[in-house]
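First the structure, in the form of structure tokens, and then the observations on it.
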Amino acid sequence: MSEADMFTQPPIPVQAGTAVRRPVPRRCARARVLCFPHAGGAASHYRGWAADAPWDVEFAVIQYPGREDRYEEPAPTGMAALAGAITGELLADLREAACLPTVLFGHSMGAGVAYEVARGLTAADRAPAALVVSGRPAPGLSRPGTVHLGSDDDLVADLRRLGGTGSGILDNRSLMTAVLPTIRRDYQLIETYRPLPGVPLRAPVTVLYGDRDPEVDEREAAAWHEATEGPCELHALPGDHFYLEAHRRQVLDHIVARAREAAAGTPAGWPSMP
């Protein structure tokens, strides 16, 4: 699935007043995975992931502004605004009801957003059970970029470089006209991102990346161990930036393993459902 998938998949029914979407609710779930999409991505991208998840783990997704049912809301151009809003909403949910032990997962831009949300929850004494990141260098090695300052053709060229976006979408002028403003704002957010001030992460981190990904190499992936005071493990899978589409099952296995570990010993701050 591509950066343009926000307009090519049917939207997930909206739960009023929240950015969290539950594509396939699991009434008997013992743990939850909260997914953070890549630049331009939307909640519907993870519909298939949620359907493939086992009965005891529910996959929910954050719906960023600027896409699908939130299309009329401008996408933020700064990490502090986006991560802060998501963190505040998750903390409000925790105050209102008991929550399952939760693992955060993010790919590419989503890895950076998930990391900053995890730190925000940690600062509020509501640390997630674990963080799984994919396709992104460690926060301290974030690469600056200027693609967001370029023309629409520059943006489309970068989407082609990364792969994952079909030429039928990239060559559709009307669709790209609708999509590119949000993609440009996402690019600006991640190309100008530097780690935010605040408390260190304490949760265990699992790092996944494609062995031919132009956006992250082994050194940059391994450096995630410096981003947490908890344990950190590294796994390379065959492929480029969107390796996880061809290897969804292996990625799901890593994520589900972390979620089941959390369910077996509920971390502080994420109480189990009664």
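The values are calculated or read from the model by the stated rules, or taken from the named source; none is laboratory data. Bear in mind the structure is a predicted one, so any value in this text is a computation, not a measurement. Every residue, glycine among them, receives a Cβ derived from its backbone with ideal geometry; neighbour counts consider all protein chains shown.
What the table below lists for this structure:
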{"item": "Members of the stretch 189-217 that are of a type in the set (Val, Ile, Thr), modelled with pLDDT of 95 or more and in a loop (DSSP other than H, G, I, E, B)", "result": "THR192, VAL216"}
{"item": "Options LEU175, LEU155, LEU244: the member that is part of a helix (DSSP H, G or I), under 18 Å from the mean Cα position of the chain (by Cα) and farther than 21 Å from ALA129 by Cα", "result": "LEU244"}
{"item": "Helices (runs of 4 or more DSSP H) enclosed by the stretch 31-148 - at least 2 residues per element that are in contact with a strand residue (DSSP E or B) (Cβ under 8 Å, 6 or more places away or on another chain) and among the charged types (D, E, K, R)", "result": "79-96"}
{"item": "Residue match in the stretch 230-237 (condition: within 20 Å of PRO128 (Cβ to Cβ), of a type in the set (A, V, I, L, M), buried (at least 21 other Cβ atoms within 10 Å of the Cβ) and modelled with pLDDT of 95 or more)", "result": "no"}
{"item": "Among the residues listed as ARG249, ARG212, ARG258, ARG202, the single one being basic (Lys, Arg), touching a residue at least 40 places away in the same chain (Cβ under 8 Å) and more than 26 Å from LEU82 (Cβ to Cβ)", "result": "ARG249"}
{"item": "Condition check for ALA83: hydrophobic (A, V, I, L, M, F, W, C), in contact with a helix residue (DSSP H, G or I) (Cβ under 8 Å, 6 or more places away or on another chain), at pLDDT 95 or above and farther than 19 Å from ARG258 by Cα", "result": "yes"}
{"item": "Qualifying residue in the stretch 88-106 (condition: of a type in the set (S, T, N, Q) and either under 16 Å from GLU215 (Cβ atoms) or at pLDDT 95 or above (or both))", "result": "no"}
{"item": "Test: GLU220 is modelled with pLDDT of 95 or more, surrounded by fewer than 15 Cβ atoms within 10 Å (Cβ to Cβ), out of contact with any His (no Cβ under 6 Å at 6 or more places or on another chain) and not in a loop (DSSP other than H, G, I, E, B)", "result": "no"}
{"item": "Residue list for the stretch 257-274, filter: at pLDDT 50 or above and part of a loop (DSSP other than H, G, I, E, B)", "result": "GLY265"}
{"item": "Count of residues meeting criterion [more than 15 Å from THR182 (Cα to Cα) and small (Gly, Ala, Ser)] in the stretch 139-156", "result": "3"}
{"item": "Filter result (at pLDDT 95 or above, buried (at least 19 other Cβ atoms within 10 Å of the Cβ) and more than 22 Å from TRP55 (Cβ to Cβ)) within the stretch 243-256", "result": "TYR243"}
{"item": "Residue list for the stretch 54-74, filter: among the hydrophobic types (A, V, I, L, M, F, W, C) and buried (at least 22 other Cβ atoms within 10 Å of the Cβ)", "result": "VAL57, PHE59, ALA60, VAL61, ILE62"}
